[in-house]
Amino acid sequence: MGAAGTLRIRVGVAAPIAARITPATPITEARALIEADPVSLEIMWSRLVTIVEEMWQAICRTGFSLIVSEAQDLACDILDAAGESLAQSPRAMPVFNLTLPRAVKAMLQKYPAETLRPGDVLITNDPWLCAGHLYDIAIVTPVFLDGQLVALMGTVGHVGDIGGIKDGLKATEIFDEELQIPPAKLYRAGEPNDTLFDMIAENVRKSEEVLGDLHSFIAANAQGGERLLGFMRDYGMQDLRALAAVVQGRAERAMRDAIRALPDGVYHSTVSNAALGRRLDYPLKLTVAGDEIELDFAGAPEQLPLGGLNCTYSYTIAHGSYPLKCILSQQVRGNAGCYRPITVKAPEHSVLNCTRPAALALRTRTGWHLAPNIFRALSDAAPDRVQAHTGLPVSVKVHGLDAKGRLYADHFFMGGGQGASAAHDGKSALLWPTSAANTSIELFETRSPVLVVEKSLIADSGGAGQHRGGLGTRTRMRKLHDDGPPTQASVAAEGVGVDSPGLFGGLQGGAARGAVLDRDGNLARDCGAGELVTLTDTSRMIELRLCGGSGFGDPASRSAALGERDL
Amino acid sequence: MAAFRRVHSARFTSVYEGVSPEIVSFRVRAAGPAPALTVAQADAPAGGVPLKGRRMAWFGDRFHDTPVYDRYALASEGMIQGPAIIEEREATTILGRRTV
């Protein structure tokens with residue numbers, strides 16, 4: 001001990017761990033070895049999640065675009081050598097974690113494991129294989145130990161731009177939405193694929209930013225790969241198949257146990273949304289049978305010829321499965337096992353299972369309505385777990401040239417009011433069923449010459465109920481300078497003209513609106529279901545009002561104390 | 001830039017080449033006459049018995065008969081060979097077998 005009372009510790013060097021599990025260890029023997037020591041298993045499982053979490057942090061620190069580094073529109077994953085998820089970044093974005101395995105399996109089909117080399121990096125943004133639109137790019141890096149593929153580190157992130165039409169609601173085919181990257185090698189044994197990099201750079205706005213984001217994904221995967229090999233060394237594990245089988249098996253069991261606790265039955269529900277002003281209905285048949293759940297979206301509308309509102313099957317599966325994880329096994333760290341007991345069906349060529357060359361850039365405006373539908377269907381079977389409709393998030397994208405002729409293009413994410421549940425009022429300004437973050441106003445204003453005039457909670461916009469919905473938000477922004485070039489902004493409030501009643505007598509929250517206002521806040525034009533607004537000077541501003549959350553239970557039964565707090 | 005490149009690569013594996021750097025903040029480190037500071041413990045131990053007792057604790061392969069010390073009673077410049085346990089109000093320090 002030192003003079004100042006500090007403990008000085010000279011740490012002894014531990015002997016290296018002998019290999020306990022090798023590729024030659026029979027899988028049942030290796031599983032038994034892991035299962036025999038639940039304390040070590042818990043530590044190892046946590047450490048896997050820490051590795052993905054560190055990848056995620058690395059991207060938030062080094063990503064270039066606001067949508068990646070600030071709004072956190074990304075997810076990281078460790079996948080086993082078969083392409084099944086082993087550990088997922090816990091904070092965002094579950095839909096990416098759910099769609100990534102399909103992309104990885106397609107990559108492994110095209111580039112079989114035995115042909116992959118250390119230093120290879122794979123890429124795709126195929127919406128049918130991955131996350132449902134071209135902005136979401138998957139970067140996958142194989143990890144080798146002694147020449148054997150032991151795992152794949154994967155990142156899916158929404159880059160700031162992917163080229164194509166600015167008014168997504170006018171897109172009729174995926175070709176309008178620009179750059180399609182089939183499964184390909186972005187690096188071959190450490191050598192960059194310059195042609196592919198150049199192709200990407202030439203086809204997107206703010207290419208430096210897009211490539212910077214891609215680099216941060218590549219670096220995060222590399223870092224995760226190093227950490228994973230360190231992890232394997234520390235535990236004398238030269239092969240991950242047994243550990244994967246154990247953690248996936250446990251996650252699967254937990255989900256099956258939770259499903260088995262629900263009453264068997266066939267449950268029906270319908271929600272509707274407004275696609276370009278037309279009401280569309282989405283019937284759902286949800287079957288709980290033993291320890292499995294099937295979601296059947298038979299009767300979904302035909303795929304839409306206009307507006308980029310179509311979901312790929314991969315995206316529909318993800319948005320159908322993830323809400324069930326949220327309410328049935330939220331205490332279990334996500335991996336492939338959680339989703340094995342869930343089947344999702346959607347008719348081919350429907351808006352929930354579209355076929356090429358459907359446009360799909362704005363598919364969130366369809367897919368985000370699935371979660372409240374699932375909760376509504378399960379409201380009788382699991383009233384204490386479900387949640388009423390959440391006011392859906394919106395991203396405004398602004399485009400233009402600044403006074404010096406430099407191009408800007410940035411996304412501004414904002415959330416609505418969360419739906420109420422049996423236990424809680426909804427939270428306000430929440431982005432759900434995505435798990436992105438509200439974009440920082442200050443950083444947004446440093447990137448684009450736009451002034452956010454107001455961002456506020458809308459009073460009384462939470463749907464009434466025994467528990468009330470969270471508050472919706474209002475955001476107003478305008479050009480910063482009267483400098484000549486116009487600013488274009490997508491003003492597409494989600495939920496305009498949509499019925500989203502609460503559960504068990506709770507009421508709908510405040511309505512959504514997108515509009516153009518004059519300087520004093522008077523309505524100049526209502527943007528309806530959405531349009532690309534052109535602002536030429538500072539005399540006009542855009543406004544987005546996001547829905548409040550819907551209520552849960554009869555408003556008359558709200559406790560006096562809670563009512564008082566609302567006032 | 002070389003220093004930035006080194007630190008960034010160490011933390012995040014590599015640097016995205018070919019982009020212009022942006023300096024977001026400067027941190028200034030200035031030198032001046034240093035006041036005479038002491039970090040000696042305010043409430044230095046008033047004696048007492050450092051060795052509180054012993055207990056059987058698991059280290060690696062088996063239980064070891066392990067001494068437990070009261071940190072507040074430890075004398076300066078003393079040396080303790082692991083395995084050992086040092087207890088205080090906020091924390092417990094475990095010294096492994098090969099740790100001093």
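Within region A:83-90, does at least one residue satisfy the condition of being of a type outside the set (A, V, I, L, M), surrounded by fewer than 22 Cβ atoms within 10 Å (Cβ to Cβ) and within 14 Å of chain B (Cβ to nearest Cβ)?
Looking for residues that are of a type outside the set (A, V, I, L, M), surrounded by fewer than 22 Cβ atoms within 10 Å (Cβ to Cβ) and within 14 Å of chain B (Cβ to nearest Cβ), one finds none in region A:83-90, hence no.
One residue is enough: does region A:166-189 have a residue meeting the conditions within 14 Å of chain B (Cβ to nearest Cβ), out of contact with any helix residue (DSSP H, G or I) (no Cβ under 7 Å at 6 or more places or on another chain), of a type outside the set (D, E, K, R) and crowded, with 18+ Cβ neighbours inside 10 Å?
yes
Just for region A:1-43: of the residues that are assigned to a loop (DSSP other than H, G, I, E, B) and touching a Phe, Trp or Tyr at 6+ places or on another chain (Cβ under 8 Å), which one is farthest from the other protein chains (Cβ to nearest Cβ)?
Our first condition is that a residue be assigned to a loop (DSSP other than H, G, I, E, B); within region A:1-43, this holds for A:1-20, A:22-26, A:36-37.
The next check asks that each one be touching a Phe, Trp or Tyr at 6+ places or on another chain (Cβ under 8 Å); those that pass are A:17, A:20.
Details: A:I17: 11, A:R20: 15 Å.
Top of the filtered list is A:R20.
Output the qualifying pairs, or none if there are none: Cβ atoms under 9 angstrom, residues six or more apart or on different chains, first residue in region A:44-62 and under 15 Å from A:G225 (Cβ atoms) and facing chain B (nearest Cβ under 10 Å), second residue in a helix (DSSP H, G or I) and basic (K, R).
A:A58/B:R11
List the strands (runs of 3 or more DSSP E) inside region B:48-100, counting only whole elements, that have at least 2 residues being within 30 Å of A:A18 (Cα to Cα) and away from chain A (no Cβ under 11 Å).
Because the criterion is at least 2 residues that are within 30 Å of A:A18 (Cα to Cα) and away from chain A (no Cβ under 11 Å), the strands (runs of 3 or more DSSP E) in region B:48-100 that meet it are B:51-59, B:62-70.
Residue under question is A:A58, and the condition is that it be within 25 Å of A:Q248 (Cα to Cα) and surrounded by fewer than 24 Cβ atoms within 10 Å (Cβ to Cβ); does it hold?
no
Just for helices (runs of 4 or more DSSP H) wholly inside region A:344-458: which have at least 3 residues that are under 22 Å from the mean Cα position of the chain (by Cα) and assigned by TED's automatic domain parsing to the domain that holds A:A561?
So the answer is A:441-447.
The values are calculated or read from the model by the stated rules, or taken from the named source; none is laboratory data. No experiment lies behind these values; they were computed from the predicted model shown. Cβ sites come from the backbone with ideal geometry, for glycine too, and all protein chains shown count toward neighbours.
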